[in-house]
Every structure is written in structure tokens, then in C-alpha cells.
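Right, one structure below, let's go through it.
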Amino acid sequence: MKIENGKPKIENRPRAFLVMDVLCGITLATILLMVLTAAVVKQNKAQRQLAQHRTASRTAEAALLALQSGQPLPQNAGIKLEKLPTPAPAGRTWIRLTLTEQNASAQLVGLVNVTATSGGIH
């Protein structure tokens, strides 16, 4: 503000945004939106993979529990049994149960009755 002839004089300057300011703001908002979208997509993918691994682990646990209980092994083509050479109590054996389903796998080791595994150990 200038003082001229004892009275304040208001300068007449344009006070509007420039087009470049608006374009910069839109560009920054677009970049932020792209980064946030990529993060959400990545999180959703990780969540789906975690759910698949969780399902595989629960199915493997159910199969191992069935073997330990003397029940038949669930009919799942993705289940593989491997007898481990580790010493075990009489009438029992250590096995490694590997399950693969829906691009996820789970592996458990457990002690089961020898009769429960007679047909399915590789």
C-alpha cells in the first residue's frame, strides 16, 4: 500500500490464480491419486494371497488332525505325505504333510500312528 497525497492508495494488481498454479495443483493431485491407487491394489493382492495361504494351512491342519485321529485322509490331490527318518515311539512315525492348492502351499510335521499312513507315504 502506497501513500499518495496523504491518502492510502491501493495498488491495482491482479489477484487471481495463474493457469500454471492450477495445472501444478491438478498434476500433484493426480500423482497423489496414482500412488494411493497403487498402494490399495498392492494391499488387496497381499490380502488375497494371505487368505489363500491361510486356507491351505487350515486344510493341512485338518488333514494332519484326521491322520492323528485315525480318520481317513481328506480327498485332496494336493496332499503329499513323507515319512521322516526321525526316531519315534513304537507304533508311531513322524511325517511331513505338504499341501498345495490355489497357488498356496502349507507344510506341517506331525506324529501319527503307523497304520494311519500305511497307504499314502511316498
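Restricting attention to the range 23-60, the residues that are at pLDDT 95 or above and of a type in the set (S, T, N, Q) add up to 6. Among the residues of the range 84-95, at least one is loosely packed, with under 15 Cβ neighbours inside 10 Å, under 30 Å from Val114 (Cα atoms), at pLDDT 90 or above and in contact with a Ser or Thr (Cβ under 9 Å, 6 or more places away or on another chain). Taking the listed residues Ala106, Ala66, Ala46, the one that is of a type in the set (Gly, Ala, Ser) and surrounded by fewer than 15 Cβ atoms within 10 Å (Cβ to Cβ) is Ala46, with no other qualifying.
Among the residues of the range 90-113, is there at least one that is in contact with a helix residue (DSSP H, G or I) (Cβ under 6 Å, 6 or more places away or on another chain) and of a type in the set (Asp, Glu)? Checked the range 90-113: at least one residue is in contact with a helix residue (DSSP H, G or I) (Cβ under 6 Å, 6 or more places away or on another chain) and of a type in the set (Asp, Glu).
Scanning the range 6-22 for residues that are of a type in the set (D, E, K, R) and modelled with pLDDT under 80, we see that the one that is surrounded by the most Cβ atoms within 10 Å (Cβ to Cβ) is Lys9.
The values are calculated or read from the model by the stated rules, or taken from the named source; none is laboratory data. As the structure is a computational prediction, the values presented were derived from the model and not from experiment. With ideal geometry, Cβ positions are generated from the backbone for all residues, glycine too; neighbour counts draw on all protein chains shown.
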